[in-house]
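Below is one structure, written out as structure tokens; the observations come after it.
The values are calculated or read from the model by the stated rules, or taken from the named source; none is laboratory data. As the structure is a prediction and not an experimental result, all values here were calculated from the model. Positions of Cβ are backbone-derived with ideal geometry, glycine not excepted, and every protein chain shown enters the neighbour counts. Side chains included, ligands, DNA and RNA excluded: accessible areas come from the protein's heavy atoms. Shrake-Rupley method; radii C 1.70, N 1.55, O 1.52, S 1.80 Å.
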Amino acid sequence: TAGVAVICTVVFGGLPAIRATRLDPVVDLRTGSPGSTRSSRLDRGLIAIQMALALVLVASAGLLGTTLRNLRSGIGDMLPDQLLVAEVDSADTTIPKGSERAVYDRILERLRSLPGVSSVAGTDVMPLVYMGFRKRMLDIPGFEHLATDPAGIGMPPGIDEGPLGSWVIYATPGFFATTGTGLAAGREFSDADVAGAQPVVIISEAIARQFFAGRDPIGQRMGFQGGRRALQVIGVARDVKQTDLRAANPRTVYLARAQRRNDEDRFIYAMRTSGNAADLAPSARAAIAGAEPEVFIRSVLPMSDLVALSVSREQALRTVAVVFSVVAVGLAAIGLYGVLAFQVATRTREIGIRMALGADRTNVVRMVMRQSIAVVT
């Protein structure tokens, strides 16, 4: 930085001094206009380059802002400022194995009673929260050949393992309404979707497009490889980024948590709040600890914090680009003003003659503005 500063001082201070020594003082005294058109063209050229660089920085800041907005749209209509996410863990505690579900349900009811909480849902995976996704191979009628065709000939490439790979998420009733991810068709899980009832599944739009194109997926049967095709499709969930806002939408199936044999050590609660979710974080922590003191609270964060953490790199780049673009535009504007002011000062005699011959203020201003627009464009 010090070296660049010295070089800039020498170049931009020395060149004008050298240029000034080349002037003909006799000509300047006679005409009253120092300098030549060559130096004027050089000044305008430098300002044009400066404006071009400033424009590049402004465009970069705008593009980064668009990228940031597009990334945030990957979570759908979650309204992250009003969504509080709590992650608990019963591993390495005195909670007996097999009794986790009762503990998690007790916490769920306690969270529902909190003032300011309009709805609560539970799941083993939330977007941007837990990377431990389960992956299963789908078994869908009409696509049996893909089970022995790992290349997925004729099928669009997926981000999952194999052409039939899918991520599996267990959720309670009200999950899609609470999180704001929403359904494109069908219904959510209900209290009737329990063990012993018809096994049901909600598929993502990515699965519906790939395997049920041209037909209604609601009511269709499917399953997982190695099992029976006992799952009945009851809904189509909107595509949502799961682990990374920069990645493609994964194929995802949602299963009713009540139809699962047992819960695992880790469980996640999504709380839709009527106000700012961050304000309810202390109350949520206290409610969880009051319902089950033994459970370990991994985190209680608003979804907005998780989204901000996921896009922190793009946010930092955008902030830097905005700062530099503002500085560059300011410097370019100062430089343009200085060059035009100098050129107007050197043309004072010409302007006086023009006004003596009938030019008014508007004509003079228009002449100068044409010069500035020519430099900028």
Can you give me the angle between helix 2-21 and the longest principal axis of the chain, using Cα atoms only, in degrees from 0 to 90, rounded to the nearest 10? 30 degrees
Calculated FRET efficiency for the pair Phe324/Glu264, C-beta based, R₀ 45 Å, to 0.05: 0.40
Taking GluC sites (Glu not before Pro) as exposed when in a DSSP loop with at most 16 other Cβ atoms inside 10 Å, the chain has its longest clean stretch at 1-160
Relative contact order for the chain using alpha-carbon pairs under 8 Å, separation at least 6, rounded to a whole percent? 30 percent
Please name whichever of Ala286, Met355, Val365 sits farthest to the positive end of the charge dipole of the chain, dipole taken about the Cα centre and charges placed at Cβ: Lys and Arg +1, Asp and Glu -1. Met355
Subtract the Cα-Cα distance of Ala308 and Asp244 from 0.36 nm times their separation in residues, and report this length gain in nm to one decimal. 21.8 nm
Express the carbon and sulfur contribution to the solvent-accessible surface of the chain as a percent, rounded to the nearest whole number, probe 1.4 angstrom. 61 percent
Taking the Cα centre of the chain as the origin and placing charges on Cβ (Lys, Arg +1; Asp, Glu -1), which of Val129, Thr181, Thr1 is farthest toward the positive end of the dipole? Thr1
Can you figure out the FRET efficiency of Ser113 with Leu63, using R₀ = 41 Å and their beta-carbon distance, to the nearest 0.05? 0.30
Between the Cα axis of helix 312-346 and the main Cα principal axis of the chain, the angle (0 to 90°, nearest 10) is 10 degrees
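Taking a 1.4 Å probe, which of Leu245, Leu53 shows the most accessible area, and what order do the others take after it?
Order by accessible area, largest first: Leu53, Leu245.
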Between 0 and 90 degrees, rounded to the nearest ten: what's the tilt of helix 100-112 against the longest Cα principal axis of the chain? 60 degrees
How far is it, in nm, from the label point at Tyr337 to the one at Thr21 when both lie 7 Å from their Cα along the line to the Cβ? 3.3 nm
In debye to the nearest 20, the charge dipole size for the chain, taken about the Cα centre with +1 at each Lys and Arg Cβ and -1 at each Asp and Glu Cβ, equals 1780 debye
DSSP-defined antiparallel bridges as percent of all bridges, the chain, nearest 5: 75 percent
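Using R₀ = 56 Å, calculate the FRET efficiency as 1/(1 + (r/R₀)^6) where r is the Cβ-Cβ separation of Arg215 and Val56; round to 0.05.
0.70
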Loop-only trypsin sites (Lys or Arg not before Pro) in the range 156-227, please: DSSP not H, G, I, E or B, and at most 16 other Cβ atoms within 10 Å. Arg187, Arg215
Å² per residue, accessible surface of the chain at 1.4 Å: 53 Å²
With every atom except the alpha carbons ignored, what do you get for Rg and Dmax of the chain, in angstroms? 33.2, 106
